[in-house]
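Chemist: The structure follows.
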Amino acid sequence: MGFEWPWQYSFPPFFTLQPNVDTRQKQLAAWCSLVLSYCRHNKLYNMTVLESQESPLFNNKKIQRKLSMESIQVVLEELRKKGNLEWLDKTKTSFLIMWRRPEEWGKLIYQWVSKNGMANSVFTFYELTCGDDTEKEEFHGLDESMLLRSLQHLQLEHKAEVIMLNDSKGVKFF
């Protein structure tokens, strides 16, 4: 199923941040919603600012409009303020996009563990995100850094413990 673009995406002024404060806030909210739904649909977890500028997300080739680098930075900063983005470097060139927060992923994973009677089981990170057992689960294919954050959240709740298994990471669920 293809991604459904919101109506604003075909509206040329959407690609220029508006000077009026109220209009700009609505526009930023629309951009944030678009970024999160696009990343969710395409299962994107981390990107660089440069690749995001060239992606269809900020570059509508049909109407030949592209959001400027400065405007992209404003949108990304708005996502960071809302808790949906974390910069991965000090120069702000790459970021982790969190269309679902780590605690939400942790809850989903723990529900799957509980539903399948797998408490007191040990899994490698690979088994959780790429294994046959999780193929139909929403967390299948989850980025490893997001998985780690999710499991650390479960660890704080005493529902899991992240462990090292030789050269790979694993987790024990309680």
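Chemist: Return yes or no: is Glu70 out of contact with any Pro (no Cβ under 6 Å at 6 or more places or on another chain), among the acidic types (Asp, Glu), more than 26 Å from Ser145 (Cβ to Cβ) and part of a helix (DSSP H, G or I)?
Modeler: Judged against the criteria, Glu70 is a match.
Chemist: Out of the residues in the stretch 145-168 meeting the condition of being open to solvent by 70 Å² or more (accessible area, probe 1.4 Å) and modelled with pLDDT under 90, tell me which one is farthest from Leu96 (Cα to Cα).
Modeler: Filtering first and then ranking leaves Asn166.
Chemist: Residue by residue through the stretch 128-156, note down the ones that are over 12 Å from Trp112 (Cβ atoms), acidic (Asp, Glu) and touching a residue at least 12 places away in the same chain (Cβ under 8 Å).
Modeler: Asp143, Glu144
Chemist: How many residues does the stretch 87-107 hold that are open to solvent by less than 50 Å² (accessible area, probe 1.4 Å) and of a type outside the set (Ser, Thr, Tyr)?
Modeler: Matching residues across the stretch 87-107 total 11.
Chemist: Something else now. Out of the stretch 47-85, which residues are within 18 Å of Glu104 (Cβ to Cβ), touching a helix residue (DSSP H, G or I) at 6+ places or on another chain (Cβ under 8 Å) and exposed (fewer than 15 other Cβ atoms within 10 Å of the Cβ)?
Modeler: Hit for the stretch 47-85 is Lys82, nothing else.
Chemist: Tell me yes or no: at least one residue of the stretch 74-95 is more than 25 Å from Arg24 (Cβ to Cβ), aliphatic (A, V, I, L, M) and assigned to a loop (DSSP other than H, G, I, E, B).
Modeler: yes
For every residue, the table says whether it meets (1) without any contact (Cβ under 8 Å) to a residue 24 or more places away in the chain; (2) farther than 16 Å from Tyr9 by Cβ.
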| residue | (1), (2) |
| --- | --- |
| Leu50 | no, yes |
| Leu67 | no, no |
| Arg80 | yes, yes |
| Gly83 | yes, yes |
| Leu96 | no, yes |
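Chemist: Identify all residues within the stretch 14-25 that are within 28 Å of Met1 (Cβ to Cβ) and open to solvent by 70 Å² or more (accessible area, probe 1.4 Å); write none if there are none.
Modeler: Matches in the stretch 14-25: none.
Chemist: Has the stretch 121-129 got at least one residue that is open to solvent by 20 Å² or more (accessible area, probe 1.4 Å), on the phi > 0 side of the Ramachandran plot and out of contact with any helix residue (DSSP H, G or I) (no Cβ under 8 Å at 6 or more places or on another chain)?
Modeler: No, that holds for no residue.
The values are calculated or read from the model by the stated rules, or taken from the named source; none is laboratory data. A quick note: this is a predicted structure, and the numbers were derived from the prediction, not measured. In this analysis, Cβ positions are derived from the backbone assuming ideal geometry, glycine residues included, and neighbour counts consider all displayed protein chains. When the accessible area is computed, the model is the full protein with side chains, heavy atoms only, and any ligands, DNA or RNA have been set aside. Shrake-Rupley method; radii C 1.70, N 1.55, O 1.52, S 1.80 Å.
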